[in-house]
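Worksheet: the structure to be examined is printed underneath.
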Amino acid sequence: MITRLCSALCMALTTLIAGAPPSYAAGAVNIYSARHYQADDKLYAEFTRRTGIQVNRIEAGDEALLERLRTEGSSSPADVLLLVDAARLSRAAAEGLFSPVDSRVLQSRIPETLRSAKEPGGYAWWGFSRRARIIVYNRQRFGERAPQSYAELADPRFKGAVCTRSAAHPYMLSLIAAQIEHQGEAAAERWAKGVVSNFARPPRGGDTDQIKAAASGECGVALSNTYYLARLMRSSRPEDQDVIRKVGFVWPDQKGRGTHINITGGGMVRFSKNRESALAFLEFMASDEAQRMLADGNNEWPTVPGVVVSNPALDAMGSFVDDKLPIAAIGARQAEAARLIDKAGWR
């Protein structure tokens, strides 16, 4: 027992000092991932190089992965589950699909606001990269008159100007859940109804579609996660650069609560058969190198404070004040958010 404790303390201290994951014996880790970015191939390769642990992965949509885990039950080969939104992470935790992890490495590096609420045995999930939900606007139509807060999206002066994707999508549910957490359900419902009354068209498409609709003038303002805009900014396609020339963006609520953020996160699967390897992978995800690879691969920001990312699009966007609302609190409000969008008629 004393030997194991000393070993764990040494590994944690090494990680704190160097930002590197602890070493484990060679083995394998099976990852179910909703991330589908080519840049993640380098991430997995680096993990194997450092630890000798082979990565096997299945990539699919969040819902498909959750359903697979439900069906497989205790016979699942999965060790780690990676999902791309607090709503989905919270749902997986509520269904008991995660095994709580008590890791000094993860607790020391991932801020408390970017991980699940603590349970007996540790934390169900951890945030590994951040994205922000911004307001994109048509430069010609609004110029210096763009909304500066989420609240202004319900202002009558934006009548017929607002575009969003479906409110049933987890990205939107999380934003609406944050509004509920901040101001209560009644006020959030009034806000949502005001946004609906300002729609330029019924919600449809993804975030890239909202940006392009703002550029074309179909919409005046729209909501998007930052990495969709960053992708267009980094694109060499003339049509994408034309979109960027026609739109501007706002970090909402910089004089108030700050801009809403969400995460990519993950945790150890409840029935993991390779628990040491799973823990090694999760701790690797919090290392400096993995944080940079995660962030740059999908134009996001690290969750570990102090990790510097060199990304021209993110640099061009500049710094911002983010909402410090715990991500776990947003996840806990998903059911209320779903009821609210029905009441508001936000389909």
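The values are calculated or read from the model by the stated rules, or taken from the named source; none is laboratory data. Values in this document were obtained by computation on a predicted structure and should not be read as measured data. Every residue, glycine as well, gets a Cβ built from its backbone with ideal geometry; the counts of neighbours run over all protein chains shown.
What to note about this one:
- Cβ pairs under 6 Å, 6+ apart, first in the range 334-345 and farther than 15 Å from Trp191 by Cβ, second surrounded by 20 or more Cβ atoms within 10 Å (Cβ to Cβ): Gln334/Ala87; Gln334/Leu173; Gln334/Ala177
- On the stretch given as the range 256-310, residues that are part of a loop (DSSP other than H, G, I, E, B) and not β-branched (Val, Ile, Thr) total 17.
- Inclusion of Asn298 among residues that are surrounded by fewer than 24 Cβ atoms within 10 Å (Cβ to Cβ), under 22 Å from Tyr171 (Cβ atoms) and under 18 Å from the mean Cα position of the chain (by Cα) is warranted.
- The set of residues in the range 45-65 being out of contact with any helix residue (DSSP H, G or I) (no Cβ under 6 Å at 6 or more places or on another chain), of a type in the set (Asp, Glu) and under 21 Å from Ala87 (Cβ atoms) consists of Glu59, Glu63.
- Total residues in the range 19-43, condition modelled with pLDDT of 95 or more and of a type in the set (Phe, Trp, Tyr): 1
Residue-by-condition table, conditions (1) in contact (Cβ under 8 Å) with a residue 60 or more places away in the chain; (2) farther than 23 Å from Glu112 by Cβ; (3) outside the structural domain of Leu114 (by TED's automatic domain parsing):
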| residue | (1), (2), (3) |
| --- | --- |
| Leu282 | yes, no, no |
| Met285 | yes, no, no |
| Met293 | yes, yes, no |
| Asn299 | yes, yes, no |
| Val304 | yes, no, no |
| Leu325 | yes, no, yes |
| Ile330 | yes, no, yes |
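- Counting only residues that are part of a loop (DSSP other than H, G, I, E, B), free of Cβ contacts under 8 Å to residues at least 24 places away in the same chain and touching a Pro at 6+ places or on another chain (Cβ under 6 Å), the range 119-135 holds 1 of them.
- Residue under evaluation Asp315, criteria (1) buried (at least 17 other Cβ atoms within 10 Å of the Cβ); (2) of a type in the set (D, E, K, R); (3) more than 20 Å from Pro111 (Cβ to Cβ), criterion not met: (1)
- Selection count, the range 197-208, where residues are surrounded by fewer than 20 Cβ atoms within 10 Å (Cβ to Cβ) and in a helix (DSSP H, G or I): 2
- Just one of the numbered conditions (1) surrounded by 20 or more Cβ atoms within 10 Å (Cβ to Cβ); (2) outside any loop (DSSP other than H, G, I, E, B); (3) touching a strand residue (DSSP E or B) at 6+ places or on another chain (Cβ under 9 Å) is not true of Ala78: (2).
- On the stretch given as the range 223-248, residues that are more than 19 Å from the chain's Cα centre (by Cα) and either in a strand (DSSP E or B) or β-branched (Val, Ile, Thr) (or both) total 4.
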